[in-house]
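The values are calculated or read from the model by the stated rules, or taken from the named source; none is laboratory data. Everything numeric in this text was worked out from a predicted model, so none of it was measured. Cβ sites come from the backbone with ideal geometry, for glycine too, and all protein chains shown count toward neighbours.
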Amino acid sequence: MKKFLTLTTLILLAITSSTAASIFSLDVNINKNDTIELNSFNITEGEPSDSSFGDYKVRTLDSDSDELYSQNFSASFTVVYDVIPNTTAPETETVNTTRKLLRIPYSYEAESIQILKSGEEIYSLNIPNRVCKTDDDTCPDYCDGKGIDSDCSTESSNTGFFAKIVNWFAQIIP
């Protein structure tokens, strides 16, 4: 029986470690006048955006406003048209809005996401208000234990998939 539990645990570890991590995904329009319009926000599986340069920064903060994560990114308001590649000089056009998909590592402790331009905050998103205050009778893992969503327990049960499986085994095996 111990071999079965050990083998099952190792298989579950292999499965959970090979899956993509949870991320916060923000789809935003950035306007040339430094205003932001949120198109969508969700918690999903995937890889964080890979960028390290630019005038803009996205960051997550905890409830004490301590920075948990930050990443610089760029936004271009110039569109380049190359009608027939390598035959004519490309044409450019300046636009007032550019769309950006920002993928940020998920953190249960994150309370807000901010976008800054040259160090000045130009947008802030309160994560619990966007994720936890829904009318769909569900309790996202992020909301459980925070006391925000009435569909969630008041006790913190922020446990991962592996811990839930171990708890399940503990209940069925005397």
Could you check segment 57-99 for strands (runs of 3 or more DSSP E) lying wholly inside it with 1 or more residues that are farther than 30 Å from residue 111 by Cβ and among the polar types (S, T, N, Q)? 78-81, 91-94
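Yes/no matrix, rows are residues, columns are (1) surrounded by 11 or more Cβ atoms within 10 Å (Cβ to Cβ); (2) at pLDDT below 60; (3) of a type outside the set (A, V, I, L, M); (4) not in a strand (DSSP E or B):
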{"site": "4", "(1), (2), (3), (4)": "no, yes, yes, yes"}
{"site": "9", "(1), (2), (3), (4)": "yes, no, yes, yes"}
{"site": "17", "(1), (2), (3), (4)": "no, yes, yes, yes"}
{"site": "22", "(1), (2), (3), (4)": "yes, no, yes, no"}
{"site": "26", "(1), (2), (3), (4)": "yes, no, no, no"}
{"site": "30", "(1), (2), (3), (4)": "yes, no, no, no"}
{"site": "33", "(1), (2), (3), (4)": "no, no, yes, yes"}
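For residue 40, state whether it is loosely packed, with under 11 Cβ neighbours inside 10 Å, in contact with a strand residue (DSSP E or B) (Cβ under 6 Å, 6 or more places away or on another chain) and modelled with pLDDT of 90 or more.
Yes.
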Output the number of residues of segment 110-149 satisfying the condition of being free of Cβ contacts under 8 Å to residues at least 60 places away in the same chain, in contact with an Asp or Glu (Cβ under 9 Å, 6 or more places away or on another chain) and surrounded by 15 or more Cβ atoms within 10 Å (Cβ to Cβ). 9
Give just the number: which of (1) of a type outside the set (A, V, I, L, M, F, W, C); (2) surrounded by 12 or more Cβ atoms within 10 Å (Cβ to Cβ); (3) touching a strand residue (DSSP E or B) at 6+ places or on another chain (Cβ under 8 Å) does residue 81 not satisfy? (2)
